[in-house]
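The values are calculated or read from the model by the stated rules, or taken from the named source; none is laboratory data. Small disclaimer: the values here were computed from a predicted structure and weren't measured. FYI the Cβ positions are ideal-geometry reconstructions off the backbone, even for glycines, and counts take in every protein chain you see. Calculation scope for accessible area: heavy atoms of the full protein, side chains included, ligands and nucleic acids excluded. Shrake-Rupley method; radii C 1.70, N 1.55, O 1.52, S 1.80 Å.
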Amino acid sequence: MTKRTIGVGVIGLGWMGRLHSRSYRKLQEYYPDLDADIQLVAAADPLESNRDAAVSQLGFERVYSDYKDLLSDPDIDVVSICCPNFLHRDVAVATAQAGKPFWIEKPMGVSAAQSQEISAAAQRHNVVTAVGFNYRHTPAIEKARQLIHEGKLGRITNARCWLIADYASSPTGPLTWRYNREQAGAGVLGDLMSHGADLVHYLCGAITDVTAVTGTFIPKRPIPLKAGVGHEGWQVSDELGPVENEDYVAVLARLNDGVIATIESSRVCVGPRAEYVIEVYGTDGSIRWNFERLNELEVCLGRDSEFQGYTRVMANSHFPAFSVFQPSAGTSMGFDDMKVVEAAQFIESVLSGIQYAPSAADACLAAEVVDAAVASAEDGTWHAVAPVTGPLTFDRIDEDTKESHV
Ligand SMILES: NC(=O)c1ccc[n+]([C@@H]2O[C@H](COP(=O)([O-])OP(=O)(O)OC[C@H]3O[C@@H](n4cnc5c(N)ncnc54)[C@H](O)[C@@H]3O)[C@@H](O)[C@H]2O)c1
């Protein structure tokens, strides 16, 4: 049977753009049953070195310096949006207007208002979406979600989530777009805490109210002379410029049904490299997962055993998606594999018209949590998280969810 050809365009060829590109390329190998023949048609980036890499390293057919030219390329059916945050709104709205489904990186907009605009455009033009909430796709997190929804932990009472990183811990690190409020939005809140909000949503349900404190601990950084990729490879000058957004946040959150959660996040801690942890507690058990050991799930079910306490379980073929990547327990998946799962969900959504991947609406909800936390940090009071409209996926457990597909 002939597979449907899907032409891909990637906008922004830094860390995430390269990872999206690699993920599309791996679909044929990891998801051979996916009814799509994926072609890397074009990449857009203003930097010549990135355009060269798009062709010579990643296998794109052609490149553009202006993303608008990519959007008008008739061979492009779907678009990955991997440029800096401040461009997401304009690029995503134009992509939706062009009738092309898009896979966009988080945070979706630099504010909840921008995220709403993006989500509304996707709904208006009837295009499916995917958002880079990759931690959802870890087999251990999917297994934890199954246990929670099967009632194995009893009634969920509370969750603790922390995302503590060191990528900005050196004061000599470059003043990239990430530290500029107009270009990035809220600092570590959009960058890391939004992942935490999505994990809490995915495992425990929607956050309804928050109170928060924030801090900026490294107020100035050297101005870059030459761009790198992601956090690495930048050249800097001796001149310092101001950091305009948050290095740290601590959030106390209320969810429906009396569930309480804390989310703490920092980009400037020395020690943990990328310690992204979620613990979920119920009346009959609990789970704990740490991204630094992403192939492990700590589980405690019941309280009557002589050996009550966490059992460390290695991901195995009973964990969703694990067998796609590894033949047996003890062999490990990595960060890039989560993006392949995300790519598969996105393409499956494009083929079927059913939203499987984390959606623009899910990203709006995370953005509303970020905005409510910023507002709370400013005035010291609790803030309600504004409700969102659109195809939320975080609380869907039915035969239409991705679990029955990819
Ligand atoms: N899901 C995750 O875990 C994760 C991890 C890292 C970054 N991100 C997100 O991915 C996005 C990109 O981050 P990154 O680390 O790849 O950044 P990066 O700085 O490495 O790459 C950004 C790229 O966008 C390009 N660009 C700038 N202006 C452009 C324009 N007008 N048109 C097209 N391209 C343009 C830059 O030249 C650069 O190549 C951000 O939204 C970030 O928050 C997500």
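Quick rundown of the values:
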{"quantity": "Within region 76-126, tally of residues that are in a loop (DSSP other than H, G, I, E, B) and hydrophobic (A, V, I, L, M, F, W, C)", "calculated": "6"}
{"quantity": "Residue ID - surrounded by the fewest Cβ atoms within 10 Å (Cβ to Cβ), chosen from residues in region 1-31 that are among the small types (Gly, Ala, Ser) and within 16 Å of the ligand (Cβ to nearest atom)", "calculated": "GLY14"}
{"quantity": "For ALA112: the one exception among (1) away from the ligand (no atom under 14 Å from the Cβ); (2) within 20 Å of the chain's Cα centre (by Cα); (3) open to solvent by 20 Å² or more (accessible area, probe 1.4 Å)", "calculated": "(3)"}
{"quantity": "Residue among LEU301, LEU351, LEU294, LEU392 that alone is in contact with a Gly (Cβ under 6 Å, 6 or more places away or on another chain) and either surrounded by fewer than 22 Cβ atoms within 10 Å (Cβ to Cβ) or within 30 Å of ASP35 (Cα to Cα) (or both)", "calculated": "LEU301"}
{"quantity": "When residues of region 231-271 are limited to those that are open to solvent by 10 Å² or more (accessible area, probe 1.4 Å) and small (Gly, Ala, Ser), the one nearest to the ligand (Cβ to nearest atom)", "calculated": "GLY233"}
{"quantity": "Answer residue from region 196-217, given it is out of contact with any strand residue (DSSP E or B) (no Cβ under 6 Å at 6 or more places or on another chain) and over 16 Å from ARG160 (Cβ atoms) and is least open to solvent (accessible area, probe 1.4 Å) among those", "calculated": "ALA206"}
{"quantity": "Qualifying residues in region 87-103 (those that are open to solvent by 30 Å² or more (accessible area, probe 1.4 Å) and touching a strand residue (DSSP E or B) at 6+ places or on another chain (Cβ under 9 Å)) - the one nearest to PHE346 (Cα to Cα)", "calculated": "ALA98"}
{"quantity": "Enumeration of residues in region 131-147 that are more than 16 Å from the ligand (Cβ to nearest atom) and surrounded by 24 or more Cβ atoms within 10 Å (Cβ to Cβ)", "calculated": "PRO139, ALA140, ALA144"}
{"quantity": "Residues of region 56-74 satisfying the condition of being part of a loop (DSSP other than H, G, I, E, B), touching a strand residue (DSSP E or B) at 6+ places or on another chain (Cβ under 9 Å) and closer than 17 Å to ALA94 by Cβ", "calculated": "SER65, ASP66, ASP73, PRO74"}
{"quantity": "Whichever residue in region 171-195 is open to solvent by 30 Å² or more (accessible area, probe 1.4 Å) and farther than 14 Å from PRO84 by Cα and, among such residues, is farthest from the ligand (Cβ to nearest atom)", "calculated": "PRO171"}
{"quantity": "Failed criterion for VAL213 (all others in (1) aliphatic (A, V, I, L, M); (2) under 19 Å from LYS106 (Cβ atoms); (3) more than 16 Å from the ligand (Cβ to nearest atom); (4) assigned to a strand (DSSP E or B) hold)", "calculated": "(2)"}
{"quantity": "Residues within region 54-94 that are away from the ligand (no atom under 12 Å from the Cβ) and either of a type outside the set (S, T, N, Q) or touching a residue at least 60 places away in the same chain (Cβ under 8 Å) (or both), tallied", "calculated": "13"}
{"quantity": "Qualifying positions in region 95-109 - within 12 Å of the ligand (Cβ to nearest atom) and hydrophobic (A, V, I, L, M, F, W, C)", "calculated": "TRP103, ILE104, MET108"}
{"quantity": "Out of GLU150, GLU117, sole residue that is more than 10 Å from the ligand (Cβ to nearest atom), farther than 16 Å from PHE394 by Cβ and out of contact with any helix residue (DSSP H, G or I) (no Cβ under 8 Å at 6 or more places or on another chain)", "calculated": "GLU150"}
